[in-house]
Amino acid sequence: MADWQPTASIENLRKRAELFGYIRDFFKQRDVLEVDTPVMSHCAVSDPFIDSIEVNYQASVGMEIAPMYLQTSPEYAMKRLLAAGSGAIYQMGKVFRNGEHGGRHNPEFTMLEWYRPGMDDADLMGEVEALIKPVLKIDGQVERITYSDLFQKYVGFRPENTGLDDLISETRKHIDIELDDADPDTWLNLLMSHVIEPELKALKAIFVTEYPASQAALSKVREGKQGFPVAARFELFVRGVELANGYHELTDADEQKRRLEADQEQRKNLDLPQRPLDMRLVEALKKGIPACAGVALGVDRLLMLSVSADALADVIPFDLTKA
């Protein structure tokens, strides 16, 4: 294939356009406002496991360079709109993540993110299901399973009942790895990605709910099915591919500030770059955002799954190798 040619077929690009139209019509019917927030920001995501792409802004040629960051998600900006009284909103646009390239990843990709005041994570799963079922031709209700039950089913233990030493031992039964890490989530994430997700390939679709409270990210924490604190969040997997990540959103400004600063400390401990935290999000939460649920969904992955493509490159005009 000549270097100038697209990585996706023209047929798949037509299907991409049809999918965009379907998504916009879906939200129009539900009276959800489409918004368009900046791609560049003065601040970066705090998550230690997501790396922002830094760009150099100059007011004019030769002037001092001011570092800015391409958005890894429109979440912070959209929550500022919620605080300003936007009501239900969605956005479909480009986001950027450094170092992510492969069959299911491209550093530039299209994300669909939406926020629904008055809904919790359980309600929002129903709307996610309504969106994706016609696209993926799924009949019947999508199964829901807690994180704890998922681990019990596929690796034979419940994370909340397993100490660090036992967790490491259990992980090494499945994965040959030399690693010295005292964070239980490191080992749980290894089991999820290397052992459980491959098993999920046999399932058309499944929602995983009630993640450990330590993996709450920007979600609320509540008491779970087993009687211990869990994150009020879910992830949707389709044929083993992570497609969507949703939260009953955190609205406590002080807790949000604590989590941002904890992420920054973890970045420091991991020798990762210290980047500006977006305290405007904290200020927005102080002003107050409505109780709501929000979710991010990978549009390129949704299209890849709907046309049974092998890789994201088959459904985007030009992947990293042709950009």
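Here, each number is a calculation from the coordinates, and none is a lab measurement. What you see is a predicted model; the values in this text were computed from it and never measured. Glycine also receives a Cβ, built like all others from the backbone with ideal geometry; neighbour counts cover every protein chain displayed.
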Next item on the list: Would you mind classifying the chain by shape? Square roots of the alpha carbon gyration tensor eigenvalues, ordered a ≥ b ≥ c; an a/c under 1.5 is rounded, otherwise it is prolate if a/b is larger than b/c and oblate if not.
Entry: rounded
Check: Taking neighbour Cβ counts within 10 Å as the exposure measure, how do Thr321, Thr110 sort from fewest upward?
Finding: Thr321, Thr110
Item checked: Those residues of region 2-23 whose amide nitrogen sits under 15 Å from the label point placed on Thr321, 7 Å along Cα→Cβ -> 2-9
Next item on the list: Grab the beta carbon distance between Ile10 and His42, set R0 = 41 Å, and tell me the FRET efficiency rounded to 0.05.
Entry: 0.55
Check: Any idea what the dipole of region 241-281 comes to, in debye rounded to 20, about its Cα centre with Lys/Arg Cβ at +1 and Asp/Glu Cβ at -1?
Finding: 180
Next item on the list: Take Glu235, Glu249 and order them by how many other Cβ atoms sit within 10 Å, fewest up front.
Entry: Glu235, Glu249
Check: Taking the C-alpha atoms of region 181-323, how large are the radius of gyration and the largest Cα-Cα span, Dmax, in Å?
Finding: 17.7, 50
Checklist line | Charged-residue dipole, Cβ positions (Lys, Arg, Asp, Glu), the chain about Cα centre, Debye nearest 20 | finding: 960
Check: At what distance in nm do the modelled label points of Leu270 and Lys287 sit from each other, each positioned 7 Å from its Cα along Cα→Cβ?
Finding: 3.1
Next item on the list: Treating cross-link reach as a plain straight distance, find the lysines whose alpha-carbon is under 24 Å from the alpha-carbon of Lys28, omitting any fewer than eight places away in the same chain.
Entry: Lys15, Lys79, Lys94, Lys133, Lys137
Check: Magnitude of the Cβ-charge dipole of region 1-128, K/R +1 and D/E -1, about the Cα centre, nearest 20 debye?
Finding: 280
Note to self: Cross-link candidates for Lys257: which aspartates and glutamates have Cα within less than 12 Å, leaving aside residues fewer than 8 places away along the same chain?
What the structure shows: Asp278, Glu283
Notebook entry, point to check: Of the residues His174, His101, His248, which exhibits the maximal mean-square fluctuation in a Gaussian network model of the chain defined by a 10 Å Cα contact cut-off?
Noted result: His174
Notebook entry, point to check: Got a sec to turn the phi values of region 103-119 into Karplus ³J(HN,Hα) couplings, 6.51 cos²θ - 1.76 cosθ + 1.60 with θ = phi - 60°, whole Hz, x for Gly and Pro?
Noted result: x, 10, 10, 8, x, 10, 8, 9, 10, 9, 10, 8, 10, 10, x, x, 9
Margin query: Please check: in the Gaussian network model of the chain (C-alpha springs, under 10 Å), which one of Val299, Val195, Val45 has the largest mean-square fluctuation.
Written below: Val195
Checklist line | Span from the region 265-321 Cα centroid across to the region 155-180 one, whole angstrom | finding: 28
Margin query: Sort Val39, Val155 by Cβ crowding within 10 Å, fewest neighbours at the top.
Written below: Val39, Val155
Notebook entry, point to check: With each label point set 7 Å from Cα along the Cα-Cβ vector, what nm distance links Glu197 and Glu143?
Noted result: 1.9
Next item on the list: Just name one of Ala216, Ala202, Ile175: the one whose Cα is farthest towards the positive end of the charge dipole of region 172-223 (beta-carbon charges, Lys/Arg +1, Asp/Glu -1).
Entry: Ala202
Margin query: I'd like to know which of Leu136, Pro276, Tyr22 lies farthest towards the positive end of the charge dipole of the chain, counting +1 on Cβ of Lys and Arg and -1 on Cβ of Asp and Glu.
Written below: Tyr22
Item checked: Length gained when the stretch Arg222-Arg24 is fully extended (0.36 nm per residue, less Cα-Cα span) -> 68.0 nm
Next item on the list: With θ set to phi - 60°, apply the Karplus curve 6.51 cos²θ - 1.76 cosθ + 1.60 along region 225-233 and write out the HN-Hα couplings as whole Hz, x wherever there is a Gly or Pro.
Entry: 4, 8, x, 10, x, 9, 6, 7, 9
